[in-house]
């Protein structure tokens, strides 16, 4: 049996295949994705759901001329396999390998990089406007998921598309899922379209016509013809909300019937003005574990050995439930991430106090401020990198009005294989710059729980807590029963160097101190716990007669280290952290080592700092 996938070196070769061969190609792509991703880890279910859609796009459009923009980008594994990166696919998300998302520097076929949701329509409109102004005629396509469509940016783009009335095709990939189950009015509207008699008549009519066709190839040709000739009579639904935006709506279309899908896209691309094609797919298609459990198979870790220990996300989950047990005012809010943020158990126990607002971080923050002024104690749980999307709301709605909201920022620091769009390395500099907002960085689960408990017992101002993905550090230290602001804690005594370490980097700092001890360098490690308000007086006292070094898993520019240095005018302070650059994808351990933020790298940097100071003294 021939292997069709391994013969595809350029996407143009797909148009030379028969429909029967394309169907076989879809099966081979699924086998390749499952085989690789179950070993290396990655976004499995979402990519399996768009195999036929990807093949149809590359059949109908020319990616060397036409512009195809993917939303979020975690579903582009079939795209990578079919656009010249097949032989490198086994390196996906690995250090030095392919990115798990579209990346302009990686391929000429990745025309727009992405990692967060809901950007595709706006970006596509930009490409379309540039085309129109330049007098070109290429087609522009945005592929967006139903979960992403709930975000304000997507609706802003949709609104502008209706106003501009330029030629653009929006493909709405509807699998009823973002990462977790979709929520909200738009999701209900799409579900209503799926159950409408129009869709069922279309589906039943096509399949009835094909019932007696013996040949797969002939069956596909008849299906394509049936769709092309009957499209306007069977699947135009003016009742759709998208028509109210001034966007022509076609659908719903079965997204795993390659002939039908190809026929629809081929017909639709000839229509002028903005068009939305509603494609119905199944997340995890072709892999039964992912089909039955799409949430747990959205992103998988691959063949890794599970290490025992406590995870920060799980500890946060326990802490907020304990707080809610004691106080009926505690409520939890997430932006389509109940599982990833650890709020699923809270939702099960206190459903009336749990709010999933969909992929809408901006709304989540402002919604929480309203709840706070209404007498509740809201906790907004969000990934650190996603909090960037709500920065204006944190300033304008939370800080400026002194809204008592707790922001729990998971995935702070380097997150590994998801790469530069997902590293949570900007939250410290973001929050430090905002007046009236507090920020804590617990070093382990015990400290995290104490901070959550204390803050929710007397929440009076907007407060952030940042903590990383995964297990807490191996080294843990006892801490006071309460952790008041402005105190901090010495976790290692030393006379020569004051090493101020943030969050889990405290463990790294102590290990570096032990390495330096062998070289005769005595290091004190201080954990400020609270980065704002920082323990200013304590830091100034401890800095006397000591060289000062700061260590954080966040950007140096505007980070805690630079803030600490500003407290010590005249001191030669060494700031260790993420340099002023975007951090690539790879394993977290390798990235940390490359940045010299592991114990060995930290100790080497401090030795050099000591050497330079000795030469200058």
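The values are calculated or read from the model by the stated rules, or taken from the named source; none is laboratory data. Computed from a predicted model, the values in this text were never measured in an experiment. Here Cβ is always computed from backbone atoms with ideal geometry, including for glycine, and neighbour counts include all displayed protein chains.
Identify all residues within region 30-59 that are crowded, with 23+ Cβ neighbours inside 10 Å and under 21 Å from the mean Cα position of the chain (by Cα); write none if there are none.
33, 37, 42, 43, 44, 45, 46, 47, 48, 49, 50 - these are the residues of region 30-59 that are crowded, with 23+ Cβ neighbours inside 10 Å and under 21 Å from the mean Cα position of the chain (by Cα).
Residues in region 24-31: is at least one under 28 Å from residue 253 (Cα atoms), part of a loop (DSSP other than H, G, I, E, B) and modelled with pLDDT of 95 or more?
For region 24-31, residues under 28 Å from residue 253 (Cα atoms), part of a loop (DSSP other than H, G, I, E, B) and modelled with pLDDT of 95 or more: absent.
List the residue pairs whose Cβ atoms are under 6 Å apart, where the first residue sits in region 520-539 and is at positive phi, the second is assigned to a loop (DSSP other than H, G, I, E, B), and the two are 6 or more positions apart or on different chains.
529/483; 529/488
With the requirement that a residue be more than 27 Å from the chain's Cα centre (by Cα), in the same structural domain as residue 434 (by TED's automatic domain parsing) and buried (at least 17 other Cβ atoms within 10 Å of the Cβ), what does region 457-484 give you?
Once the filter is applied, which keeps residues that are more than 27 Å from the chain's Cα centre (by Cα), in the same structural domain as residue 434 (by TED's automatic domain parsing) and buried (at least 17 other Cβ atoms within 10 Å of the Cβ), region 457-484 yields only 459.
In the set 19, 44, which member is within 18 Å of residue 262 (Cβ to Cβ) and touching a helix residue (DSSP H, G or I) at 6+ places or on another chain (Cβ under 9 Å)?
None of the others qualify; the one that does is 19.
Residues checked against (1) touching a helix residue (DSSP H, G or I) at 6+ places or on another chain (Cβ under 6 Å); (2) on the phi > 0 side of the Ramachandran plot; (3) free of Cβ contacts under 8 Å to residues at least 24 places away in the same chain; (4) assigned by TED's automatic domain parsing to the domain that holds residue 591:
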site	(1), (2), (3), (4)
397	yes, no, no, no
405	yes, no, no, no
411	yes, yes, no, no
418	no, no, no, no
433	no, no, no, no
437	yes, no, no, no
448	yes, no, no, no
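Which of (1) in a helix (DSSP H, G or I); (2) surrounded by fewer than 19 Cβ atoms within 10 Å (Cβ to Cβ); (3) more than 28 Å from the chain's Cα centre (by Cα); (4) in contact (Cβ under 8 Å) with a residue 24 or more places away in the chain does residue 62 not meet, given it meets every other one?
Tallying (1) in a helix (DSSP H, G or I); (2) surrounded by fewer than 19 Cβ atoms within 10 Å (Cβ to Cβ); (3) more than 28 Å from the chain's Cα centre (by Cα); (4) in contact (Cβ under 8 Å) with a residue 24 or more places away in the chain, residue 62 fails exactly one: (1).
Does residue 11 fit the bill of being over 13 Å from residue 287 (Cα atoms) and surrounded by fewer than 24 Cβ atoms within 10 Å (Cβ to Cβ)? Give the steps one after another, and end with the answer.
Numbers: over 13 Å from residue 287 (Cα atoms): yes; surrounded by fewer than 24 Cβ atoms within 10 Å (Cβ to Cβ): yes.
Here the answer is yes, as residue 11 does meet what is asked.
May I ask you to list the residues in region 498-529 that are assigned to a strand (DSSP E or B) and surrounded by fewer than 24 Cβ atoms within 10 Å (Cβ to Cβ)?
Matches in region 498-529: 524 only.
Considering only residues that are in contact with a strand residue (DSSP E or B) (Cβ under 6 Å, 6 or more places away or on another chain) and outside any strand (DSSP E or B), look in region 427-448 and name the one that is nearest to residue 102 (Cα to Cα).
427
Based on this model, can you work out whether residue 114 counts as at pLDDT below 90 and either surrounded by 18 or more Cβ atoms within 10 Å (Cβ to Cβ) or part of a loop (DSSP other than H, G, I, E, B) (or both)?
Judged against the criteria, residue 114 is a match.
When you scan region 89-105, do you find a residue that is in the same structural domain as residue 144 (by TED's automatic domain parsing), surrounded by 24 or more Cβ atoms within 10 Å (Cβ to Cβ) and closer than 20 Å to residue 254 by Cα, even just one?
No, every residue in region 89-105 fails to be in the same structural domain as residue 144 (by TED's automatic domain parsing), surrounded by 24 or more Cβ atoms within 10 Å (Cβ to Cβ) and closer than 20 Å to residue 254 by Cα.
Within region 127-171, track down each residue that is crowded, with 16+ Cβ neighbours inside 10 Å, assigned to a helix (DSSP H, G or I) and within 26 Å of the chain's Cα centre (by Cα).
127, 148, 149, 150, 153, 154, 155, 157, 158, 160, 161
Restricting to region 263-283, and then to whatever is buried (at least 24 other Cβ atoms within 10 Å of the Cβ) and in contact (Cβ under 8 Å) with a residue 40 or more places away in the chain, can you tell me which residue is nearest to the chain's Cα centre (by Cα)?
Looking at residues that are buried (at least 24 other Cβ atoms within 10 Å of the Cβ) and in contact (Cβ under 8 Å) with a residue 40 or more places away in the chain, I get 283.
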